[in-house]
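The values are calculated or read from the model by the stated rules, or taken from the named source; none is laboratory data. Predicted, not measured: the structure shown is a model, and the values here were computed from it. Here the Cβ is made from the backbone with ideal geometry for all residues, glycine too, and neighbour counts use every protein chain on show.
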Amino acid sequence: MPVPESAPPQPIDGPRFDVVGIGNAIVDVLVKAEDDVLHNHGLTKGTMALVDETQAERLYASIGPGLETSGGSAANTMAGIAQLGGRAGFIGRVRDDQLGAIFAHDIRAVGASFQTPAASSGPSTARCLILVTPDAQRTMCTYLGASVGLDPADLDLQMVADAKLLYLEGYLWDSEAAKRAFIAAAELIRAQGGQVALSLSDAFCVERHRDSFQELVDGHVDVLFANEMEIIALYKANSFEEAVDQVRGRCQVAALTRSELGSLVLAGDQSHPIEPFRLGELVDTTGAGDLYAAGFLHAYTRGLNLETCGHLGSLCAGQVVTQLGPRSQGSLRQLAADHLGLSF
């Protein structure tokens, strides 16, 4: 796919990391399931529901074997950036238990920096049971566990200050302590001349925190990521087009994904439609938005034009949906070279 030219964003200066992400440190358990499993447990397809540890254990016991891997929205994005050759760091809270060790090992193994000390007391490491139905839709049941204990004391302030861009996931807004960490980190990097990116994470999350998110987008966010349902929910719009009109100009860049319709990148009065990549059979949509953000931000922090940012995001998303799980099992760098002629 040819990459059209446009005026690139200004390159962002920063010494040590391209992107540092802050989010919920979660171990994903991916399981293939039929639609009746969702019905039997009262789950709505394609959404994320918060559950307590007892509910998580009961649901886990009722389904078949799963694939366990470190996850969480921002962590998936940082892993994708690292796989592309970028310098990525992640801040999130785990417990000193088996799942905490799995999380730390997995994210470090792909080349991302993760140095947040494990908690020695309190709730166990978070886990997310992801039910993947035959239509490749993922329905998530999340026990947030230790991750919601993230607070400003967990921040590696030097890591934040040494980043070109700070990436935050909207799920953090469900915890007051994590929200304080979120704001402290955003204020720090803005004071250092860096930028802030936000992923809205989930339409239900947006519904819970609409007013706060609108204030955040208007006052603190440079780059916004949202899917069609999330951006419509943010502005209580009647259509995607109405939501586009509402968000335009509220931040420097808005990257809005639309599944099989591709994505739309907004900057000022410019609109850049981005076609989707179809690289194989659709298997699992888990991590599609996270990997879109990874590709986009990897190009963005290198000062590439916004169409290239969108195409690399689309390519990474198109690859991850052809496999089970949110981490690419193939080389994203090779993919970028083969399809876009990009060398990282």
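One table, with the values for the structure above:
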{"quantity": "Within region 261-279, tally of residues that are more than 19 Å from Tyr292 (Cα to Cα) and either free of Cβ contacts under 8 Å to residues at least 40 places away in the same chain or buried (at least 22 other Cβ atoms within 10 Å of the Cβ) (or both)", "calculated": "2"}
{"quantity": "Close pairs (6 angstrom Cβ cut-off, 6 or more residues apart or separate chains): in contact (Cβ under 8 Å) with a residue 40 or more places away in the chain in region 290-312, of a type in the set (Phe, Trp, Tyr) and part of a helix (DSSP H, G or I) anywhere", "calculated": "Cys309/Phe296; Cys309/Tyr300"}
{"quantity": "Matching residues in region 234-260 - criterion: being within 25 Å of Gly295 (Cα to Cα) and either surrounded by 19 or more Cβ atoms within 10 Å (Cβ to Cβ) or among the hydrophobic types (A, V, I, L, M, F, W, C) (or both)", "calculated": "Leu234, Phe240, Ala243, Val244, Val247, Cys251, Val253, Ala254, Ala255, Leu256, Thr257"}
{"quantity": "Options Cys309, Cys316: the member that is farther than 13 Å from Val283 by Cβ and within 15 Å of the chain's Cα centre (by Cα)", "calculated": "Cys316"}
{"quantity": "Criterion (touching a Lys or Arg at 6+ places or on another chain (Cβ under 7 Å) and closer than 26 Å to Phe17 by Cβ) met by exactly one of Thr308, Thr257, Thr285, Thr301", "calculated": "Thr301"}
{"quantity": "Candidates Ala88, Ala101 - the one that is small (Gly, Ala, Ser) and buried (at least 20 other Cβ atoms within 10 Å of the Cβ)", "calculated": "Ala88"}
{"quantity": "Region 21-60: number of residues that are more than 18 Å from Ala126 (Cβ to Cβ) and either small (Gly, Ala, Ser) or in contact with a helix residue (DSSP H, G or I) (Cβ under 7 Å, 6 or more places away or on another chain) (or both)", "calculated": "5"}
{"quantity": "Single match in Val283, Val253, Val244, Val265 (criterion: among the hydrophobic types (A, V, I, L, M, F, W, C) and modelled with pLDDT under 95)", "calculated": "Val283"}
{"quantity": "Where Gly194 falls short, out of the listed (1) under 18 Å from the mean Cα position of the chain (by Cα); (2) at pLDDT 85 or above; (3) surrounded by 22 or more Cβ atoms within 10 Å (Cβ to Cβ)", "calculated": "(1)"}
{"quantity": "Any hit, region 302-322, residues being in contact with a helix residue (DSSP H, G or I) (Cβ under 8 Å, 6 or more places away or on another chain), part of a loop (DSSP other than H, G, I, E, B) and within 23 Å of Asp135 (Cα to Cα)", "calculated": "yes"}
{"quantity": "Test for Gln214: is it in a helix (DSSP H, G or I) and without any contact (Cβ under 8 Å) to a residue 12 or more places away in the chain", "calculated": "no"}
{"quantity": "Phe296 vs. criteria assigned to a loop (DSSP other than H, G, I, E, B) and touching a helix residue (DSSP H, G or I) at 6+ places or on another chain (Cβ under 6 Å)", "calculated": "no"}
{"quantity": "Condition check for Leu172: part of a strand (DSSP E or B) and either over 19 Å from the mean Cα position of the chain (by Cα) or buried (at least 22 other Cβ atoms within 10 Å of the Cβ) (or both)", "calculated": "no"}
{"quantity": "Residue satisfying condition, being under 26 Å from His339 (Cα atoms), of a type in the set (Phe, Trp, Tyr) and either in contact (Cβ under 8 Å) with a residue 40 or more places away in the chain or surrounded by fewer than 16 Cβ atoms within 10 Å (Cβ to Cβ) (or both), within set Phe204, Phe225", "calculated": "Phe225"}
